[in-house]
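Each value in this text was obtained by applying a stated rule to the coordinates, not by laboratory testing. These numbers were taken from a predicted model, which means no experiment stands behind them. No Cβ is skipped: glycine too gets one built from the backbone with ideal geometry, and neighbour counts run over all protein chains shown.
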Amino acid sequence: MRCLSCGSENEAGRKFCGECGNALARPCPTCGTLNSPPVKFCGECGTALEGADQAAATAVPPAAETPERSSAAERRLVSVLFADLVGFTTLSEARDPEDVRDLLTRYFETARTLIARYGGTVEKFIGDAVMAVWGAPVANEDDAERAVRTALDLVRSVTELGAEVGAPDLRARAGILTGEAAVTIGAQGQGMVAGDMVNTASRIQSAAEPGSVFVGESTKRATEAAVGYEDAGPHELKGKAEPVQLWRALRITAGAGGSLKTGGLEAPFVGRDREMRMVKELFHASSDEGKAHLVSVVGLAGIGKSRFAWEFYKYFDGLPQDTWYQRGRCLAYGDGVTYSALAEMVRMRARIAEGEDQASATAKLTVSLEEHIPDPEERRWVEPRLAHLLGLEEGGARSRDDLFAAWRLFFERLAETGPTVMIFEDMQWADAALLDFIEYLLEWSRGHPLFVLTLARPELLDRRPFRRMPCRSCWRDSCPVCPRSSGPRSSSGRRACPCTPWRPFACCSTGGCWRKRGACTGRPKPSRPWRSRTLCTR
Ligand SMILES: Nc1ncnc2c1ncn2[C@@H]1O[C@H](COP(=O)(O)OP(=O)(O)OP(=O)(O)O)[C@@H](O)[C@H]1O
Ligand SMILES: [Mg+2]
């Protein structure tokens, strides 16, 4: 039996194609005519096809939903994404069908996860192509941007997937168009949107080079605040009388809607794909499971720690879920620097400017607490302690335990309404008391989606082995994180790490795999209720 989607031959009696997973055409039990899914009645004789409902539900592989058509349709502004695999047919010819099916399944899963993560809806899968829609059934002002972010992530993920499964030439390409389409109200999945722009979006995808994302003029205009583009020139598209101007999406240049965009030109971010993927996954794990998580990035000056954090910000800010983002820098010298990074975070949350006068700062703090802590009694307790942190409280010594408890409560209340990211920069200058607070927060608030990212030069590890965990990949190559690795000793008694700029972050390990290897200290750490990772830049 031949699959109508990918053309592969399948054994008689199979319901789904072994090559692409699509439902196979079924012969009519009365007249034997082949009917392709999702029809419920034979097109030749009208006989009801056995198991029609079930087949229809699975006719579109794995993600798309059964269309629930309703007669009501309306015009809406939507963004339509088409993506497909390039070189997949050649690849499938040379491979075991089971491997091809596994690869396709992983591709479908990746596409579905990314589309859902950015709030889109899978319209349908057709062979190795996917069509997704933003703006229907629910419309958001940044629909076009979400579609482009999804496409960029999807194209990158497919390249990574290909490298992982030994198909380095595997690429995806994507096309996006924003415009008015007829949306069937109440429909989900296939048949949800229709109109000329849907066909044009599909043609744009066909025009895209392997590994690239092409968009039409309208999408470019709606997203250029946050996405960098390059002119891809006018293209003749089938069915279009005039050539259509297309744009190649290059990268994300800011947070959602252009937030925090830097003025100057930014060099492309290179060489940290693996680490970024890992941090993104850990962030999603933290937010999905509602658990605190620490990622500590350690690397030499100028190696790219702050840039890495910026790229991470641009990522999570573009997701539909609201994330509370706080960033603070530790200072090398000055008065009152003990908790300066933490104070900067609270000021950021309360929108208090650096050096703002006391009365206005106090008022803003009150407003912010009203927003984030619903219980008035808790508010009354937390407010003076946060004011103390910001230097707004007159006199009065307070115990550390008392202060830590109040500060922690503030971040917990935030995390109860959305994932909370805290980025501590320049941790090599962190006061011991701040390190204590971070550990205290992670320990006590472990049941909250707090994602703590610390950036430090290796000196920090000399001062305090902050959750030191030797890496899987480089402890044998000698690394400052791993005191027993081979190589010459530094003046501090550690083994030197042959640091080469632009080599990827080398280290990542969990307590679990560290213990399994029995590396380094030989003394297993007690298991941590919260999870941590160390990324060591080399
Ligand atoms: N992966 C990268 N791709 C492209 N440019 C990068 C990358 N990483 C860093 N850079 C660039 O290198 C410069 C220094 O990076 P960055 O400020 O992030 O270093 P750092 O590790 O935070 O240093 P410090 O320890 O002094 O804070 C920046 O201009 C940054 O944009
Ligand atoms: Mg930095």
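Summary of computed values
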quantity	calculated
Per-selection Kirkwood Rh - the range 222-360 (Cα, Å, 1 d.p.)	18.4 Å
Residue-span extension gain [Val270 to Arg463] - 0.36 nm each, minus C-alpha spacing	66.4 nm
Square roots of 5 times each gyration tensor eigenvalue, C-alpha, the range 139-207, largest first, Å	28, 13, 12
Prolate/oblate/rounded label for the range 304-438 (Cα gyration tensor, a/c 1.5)	oblate
Quotient of C-alpha Rg and 2.2 N^0.38 Å, computed over the range 217-287	1.47
Taking the range 72-258 and dividing mean pair separation by its residue count, relative contact order in percent (alpha carbons under 8 Å, at least six apart)	25 percent
Selection from Thr90, Leu161, Ala254, by position along the positive dipole direction of the range 72-258 (Cβ)	Ala254
Cα gyration tensor category, rounded, prolate or oblate, for the range 72-258 with a/c compared to 1.5	prolate
Phi to ³J(HN,Hα) by Karplus 6.51 cos²θ - 1.76 cosθ + 1.60 over the range 293-307, Hz, x for Gly, Pro	8, 10, 10, 10, 9, 10, x, 5, 4, x, 7, x, 5, 5, 5
Cβ-derived FRET efficiency at R0 25 Å, Asn140 paired with Leu260, nearest 0.05	0.80
Cα-projected label distance for Arg380 with Asp231, points at 7 Å along beta-carbon direction, nm	6.6 nm
